[in-house]
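J.: Have a look at this one before I ask anything.
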Amino acid sequence: MKPMNVIKSIAGTAVLASSAVVVSAASSLPASAASVNAAACATSALTNASGKVHITFYEATAGANLTEIQKLVTAFNNSQNKVVVQDINQPGGYVATWNAYTLSGGNGANVIMDDMFNTQAHVDSQLTLPIADCIAATGFKTSDYLPKTIVQQTIGGQVQALPYSMSAPVLYYNKQAFAAAHLAPLSMTKPITIAQMVADAKALKNAGYSDGMSLKNDPWWLQIWNGMANQYFVNNQNGRAGRATAATFNNASSLSLLTQLQTMTKGGYAKEFSATGTGLAAYDNLFDISSNKSGMSIDTSAALGTIAGYLPMFKNVTLGVAPLPQISASDKGGVQPGGNALSISSKNTTAENAASWAFIQYLESAENLATWDAATGYVPITTAEAKTSTISKLWSKHPEYKVAYTAVSTGTANNATVGPDLGNFNQVSTDIGNALAHLLTDNAATPSSVIANAQSAATADIQSYNASIN
Amino acid sequence: MPTDQLDPIATAKRRKRRRRLSTVVSYAILTLGALVVLFPIYMGVVDSLLTPVQIGSTPPYFFPPTPQFHAYADAFSQGHLGHYIVNSVIQTLEIVVGSVITAVLAAYAFATFSFPLKRTLWTIVLATLLIPFEVTIVTNYKTIQSLHLLGTMWALTIPFMVSAVGIFLLRQAFLGVAVEMREAAVLDGCGPMRYLWRVALPLVRPQIAAFVVIATLGAWNQYLWPLLLTSNDESHRTLQIGLKTLNAGTFQSLGVVLAGAVIAAVPMLVLMVVFNKQLVRSLTGGAVK
């Protein structure tokens, strides 16, 4: 582990320990749904409030996303006269934002934007209000949301956070490279198999693209591939029928996947790239394409705006986007969504809850969602948003922006396909990321032992986390 | 036995040749090491002056054909780096001044006086060197919170105003001051503080300068603590935190991000060049008794 990661890990553990202090009875989780408390988010509290209600909003966006969210906050503040939102950008990303919020005892912010997969940590900390309370208080409809996003945010029978920004990994490729390798352009709706991806990488290498494919060691994809294959990543139905106590991703699908990925790196027709690179290093897989070393790479759809603005600057690149390949052609799960969701602090007054919910509802109106997604590269999260003129025009002009939406919309939304529910999601992801890096850089490593070791490490971390909150 | 081995002139020439060869090899290795260290910094500066396409080109550009200086202006205008630099300067000054004062006083006491539990206290001071700051971060945060200092510059600086490294470094320096100097000063009617101020401090000035350099480097480059402390307080964010807001996630802005990084590094590079001797002295301090 790199020294900086060790420091981050120590700091994260320290903060985790502090958050564990505030946990009391959150251990045995969810299945029996707690009753919804609509009174906690009563809109009358806002109506009856004397003067304006001031609330604070934590978000960890950067660059163009930051500019856009600031515009939306300003627009909300100007659109009504009861609520004033102060946007406080957190430069350290989701983890640092959650740590800061936890250390403040939930008093740092009234609304927080956080990683979609960190919601179980919210529940465990008891520092956020189940958003179901506000949904019940206002009769807000979630039926229009892509089903996977709502199932993913449902813990203990209640929607805990409202999905906001959605992304999914897609396959980026250079159409010119494919043509040089005598490969047909890929479908934008029907995913190829991993086996086909391996064959294509080999063909690219033979056509003179020395690295074949640029392959990031992103742990997110292993869980997505398991979901596509309708496999549980952790036990107790991905931790959604009861608290997860063990990882279960050591299965035939994972083994087949890792074997094929390693075949590529071993054969020299895929080059491994770190998924944790920052600055220029975060784009090394794309530089590999622009420099004609590789012909394709997998990356998040959230980077599409960046990629679409960059790769075509090179005359040797014609950008193509395809759905994430799947392990088997018979996999029906579709891609699981990633991104972020909006939560409300449990330390708010009722008036602050109502103000926070009014703000969230504003952000999540179809038009504002469309504005946000069009400016940032995120994917529509509701069908109403997908039908707005903003998104229709975008998809009509740039159909590649629709690929991730179609991939997430495909398949059943169930506990397997939406991914794991873990309180220490980041820790488990690190275990898997380390395993993937090992597999793809050490030809002597065997996929079976790598996946077994990763599962053991993840299980140990899950059990350690569970013990800490007990 | 060959005659030239008996010839002192030949022997001297041989030794001179060996010394010259040894010097050449040493300098070659040092030059190579310097290149390894300096090359990434040089490439950072070059990349900050390139267009996005040039940054991603293969082979890479080792010299900017048409330098894009606007990235530096953008870093200041878009990233508000001016504000962050002012905050960093204030934070660094507070930490350096505070830690020098406490280190001088504590080191002087440990080096000069006898008092109960001195050895135990000294062991505790040394033991703190083994504890990473990250371990104490939660406790420190809660302390600052309970003192109602959140949202102030003091929150960023108070936990760093006592430095075990500084106390250790200066204690060694004070121990190097001859006891006779103090005895003479006392005989002349000098009190402990006057002796410190008039006699001891001037003698350990080089070590203090060395500690100032170390403390400045540490304070300027802080990240985790300011990040945590300014989560609700954008007005006190420092340069290292501000740089993160430049991370726009677009290729078009990579030059601006790199320009920001270069700007952040310049003060420390200047410090390193100007106070090079002091820094080396601090690293070798205590090596020879």
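The values are calculated or read from the model by the stated rules, or taken from the named source; none is laboratory data. Since the structure is predicted, the reported quantities are computational estimates derived from the model, not experimental observations. Counting neighbours? That spans all protein chains shown, and the Cβs are built from the backbone with ideal geometry, glycine included.
Residue by residue, here is whether (1) over 24 Å from residue A:468 (Cβ atoms); (2) surrounded by fewer than 18 Cβ atoms within 10 Å (Cβ to Cβ); (3) within 14 Å of chain B (Cβ to nearest Cβ); (4) modelled with pLDDT under 90 holds:
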position	(1), (2), (3), (4)
A:51	yes, yes, no, no
A:66	yes, no, yes, yes
A:82	yes, yes, no, no
A:120	no, no, no, no
A:124	no, no, no, no
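J.: Residue A:142 versus (1) more than 14 Å from chain B (Cβ to nearest Cβ); (2) in contact with a Phe, Trp or Tyr (Cβ under 8 Å, 6 or more places away or on another chain): which is the lone unmet condition?
T.: (2)
J.: Give, as residue ranges, the helices (runs of 4 or more DSSP H) completely inside region B:171-258 that count at least 2 residues that are within 30 Å of residue B:46 (Cα to Cα) and within 14 Å of chain A (Cβ to nearest Cβ).
T.: Details: elements: B:179-187, B:192-195, B:205-220, B:224-229, B:239-245.
Ranges flagged: B:224-229, B:239-245.
J.: Is at least one residue of region B:27-44 out of contact with any Lys or Arg (no Cβ under 6 Å at 6 or more places or on another chain), surrounded by 15 or more Cβ atoms within 10 Å (Cβ to Cβ) and within 30 Å of residue B:256 (Cβ to Cβ)?
T.: Yes, some residue in region B:27-44 is out of contact with any Lys or Arg (no Cβ under 6 Å at 6 or more places or on another chain), surrounded by 15 or more Cβ atoms within 10 Å (Cβ to Cβ) and within 30 Å of residue B:256 (Cβ to Cβ).
For every residue, the table says whether it meets (1) of a type in the set (D, E, K, R); (2) under 17 Å from residue A:338 (Cα atoms); (3) touching a Gly at 6+ places or on another chain (Cβ under 7 Å).
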position: A:211; (1), (2), (3): yes, no, no
position: A:223; (1), (2), (3): no, yes, yes
position: A:234; (1), (2), (3): no, no, no
position: A:242; (1), (2), (3): no, no, no
position: A:247; (1), (2), (3): no, no, no
position: A:274; (1), (2), (3): no, no, no
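J.: Where the second residue is surrounded by 15 or more Cβ atoms within 10 Å (Cβ to Cβ) and the first is more than 14 Å from every other protein chain (Cβ to nearest Cβ) and lies in region B:54-66, which pairs have Cβ atoms under 6 Å and are six or more apart or on separate chains?
T.: The qualifying pairs are B:64/B:46; B:64/B:49; B:64/B:50.
J.: Look through A:422, A:439 and report the one residue that is part of a helix (DSSP H, G or I) and buried (at least 19 other Cβ atoms within 10 Å of the Cβ).
T.: Within the list A:422, A:439, the selection yields A:439.
J.: Can you name the helices (runs of 4 or more DSSP H) wholly within region B:1-75 that have at least 1 residues being within 30 Å of residue A:210 (Cβ to Cβ)?
T.: Result: B:8-48, B:52-55.
J.: Within region A:38-73, track down each residue that is closer than 14 Å to residue A:349 by Cβ and in contact with a helix residue (DSSP H, G or I) (Cβ under 7 Å, 6 or more places away or on another chain).
T.: Within region A:38-73, A:40, A:41, A:42, A:43, A:45, A:46, A:49, A:53, A:55 meet the criteria.
J.: Something else now. Quickly run through region A:89-103 and pick out the residues that are under 19 Å from residue A:378 (Cα atoms) and facing another protein chain (nearest Cβ under 10 Å).
T.: A:89, A:93
J.: Provide a single number: the residues in region A:304-338 that are within 19 Å of the chain's Cα centre (by Cα) and within 14 Å of chain B (Cβ to nearest Cβ).
T.: Adding up the residues that qualify gives 4.
J.: Then there is this: Please verify whether residue A:86 is within 11 Å of chain B (Cβ to nearest Cβ) and free of Cβ contacts under 8 Å to residues at least 60 places away in the same chain, treating the condition exactly as stated.
T.: Against the criterion (within 11 Å of chain B (Cβ to nearest Cβ) and free of Cβ contacts under 8 Å to residues at least 60 places away in the same chain), residue A:86 qualifies.
J.: Here is a follow-up. From B:130, B:150, B:93, B:126, grab the single residue that is within 14 Å of chain A (Cβ to nearest Cβ) and either within 14 Å of residue B:168 (Cβ to Cβ) or at pLDDT 95 or above (or both).
T.: Values: B:150 fails: either within 14 Å of residue B:168 (Cβ to Cβ) or at pLDDT 95 or above (or both); B:93 fails: within 14 Å of chain A (Cβ to nearest Cβ); B:126 fails: within 14 Å of chain A (Cβ to nearest Cβ).
So the residue among B:130, B:150, B:93, B:126 that is within 14 Å of chain A (Cβ to nearest Cβ) and either within 14 Å of residue B:168 (Cβ to Cβ) or at pLDDT 95 or above (or both) is B:130.
J.: Let me ask something additional. Quick one: would you say residue A:281 is more than 19 Å from residue A:456 (Cα to Cα), in contact with a strand residue (DSSP E or B) (Cβ under 8 Å, 6 or more places away or on another chain), of a type in the set (A, V, I, L, M, F, W, C) and within 14 Å of another protein chain (Cβ to nearest Cβ)?
T.: No; evaluated as a whole, the condition is false for this residue.
J.: Could you grab me the full set of residues in region A:104-118 that are closer than 29 Å to residue B:151 by Cβ, touching a strand residue (DSSP E or B) at 6+ places or on another chain (Cβ under 7 Å) and more than 14 Å from every other protein chain (Cβ to nearest Cβ)?
T.: Listed by number, the list holds a single entry, A:115.
J.: I'd like to verify a number: residues in region A:377-399 that are in a loop (DSSP other than H, G, I, E, B) and over 19 Å from the mean Cα position of the chain (by Cα), how many?
T.: Looking only at that region, the number is 3.
J.: Can you tell me which residues in region A:373-390 are surrounded by fewer than 24 Cβ atoms within 10 Å (Cβ to Cβ) and of a type in the set (A, V, I, L, M, F, W, C)?
T.: Across region A:373-390, the qualifying residues are A:374, A:375, A:384, A:386.
Residues checked against (1) hydroxyl-bearing (Ser, Thr, Tyr); (2) over 30 Å from residue A:312 (Cβ atoms); (3) at pLDDT below 75:
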residue: B:249; (1), (2), (3): no, no, yes
residue: B:259; (1), (2), (3): no, no, no
residue: B:265; (1), (2), (3): no, yes, no
residue: B:272; (1), (2), (3): no, yes, no
residue: B:277; (1), (2), (3): no, yes, no
residue: B:281; (1), (2), (3): no, yes, yes
residue: B:285; (1), (2), (3): no, yes, yes
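J.: So, of the residues in region A:28-49 that are surrounded by 13 or more Cβ atoms within 10 Å (Cβ to Cβ) and of a type in the set (Val, Ile, Thr), which turns out to be modelled with the highest pLDDT?
T.: A:43
J.: Something else about it: Does residue A:225 meet the test of being touching a residue at least 24 places away in the same chain (Cβ under 8 Å) and in contact with a helix residue (DSSP H, G or I) (Cβ under 7 Å, 6 or more places away or on another chain)?
T.: yes
J.: Residue check, residue A:347 against (1) within 14 Å of chain B (Cβ to nearest Cβ); (2) modelled with pLDDT under 90, all met but one. Which one?
T.: Status for residue A:347: all satisfied but (2).
J.: Test of understanding: among B:58, B:23, B:31, which residue is in contact with a helix residue (DSSP H, G or I) (Cβ under 9 Å, 6 or more places away or on another chain) and among the polar types (S, T, N, Q)?
T.: Numbers: B:23 fails: in contact with a helix residue (DSSP H, G or I) (Cβ under 9 Å, 6 or more places away or on another chain); B:31 fails: in contact with a helix residue (DSSP H, G or I) (Cβ under 9 Å, 6 or more places away or on another chain).
Testing whether each residue is in contact with a helix residue (DSSP H, G or I) (Cβ under 9 Å, 6 or more places away or on another chain) and among the polar types (S, T, N, Q) leaves just B:58.
J.: Inside region B:76-164, counting only helices (runs of 4 or more DSSP H) that do not spill past its ends, which hold 2 or more residues that are touching a helix residue (DSSP H, G or I) at 6+ places or on another chain (Cβ under 8 Å), touching a residue at least 60 places away in the same chain (Cβ under 8 Å) and surrounded by 16 or more Cβ atoms within 10 Å (Cβ to Cβ)?
T.: Here the list reads B:81-112, B:137-146, B:153-157.
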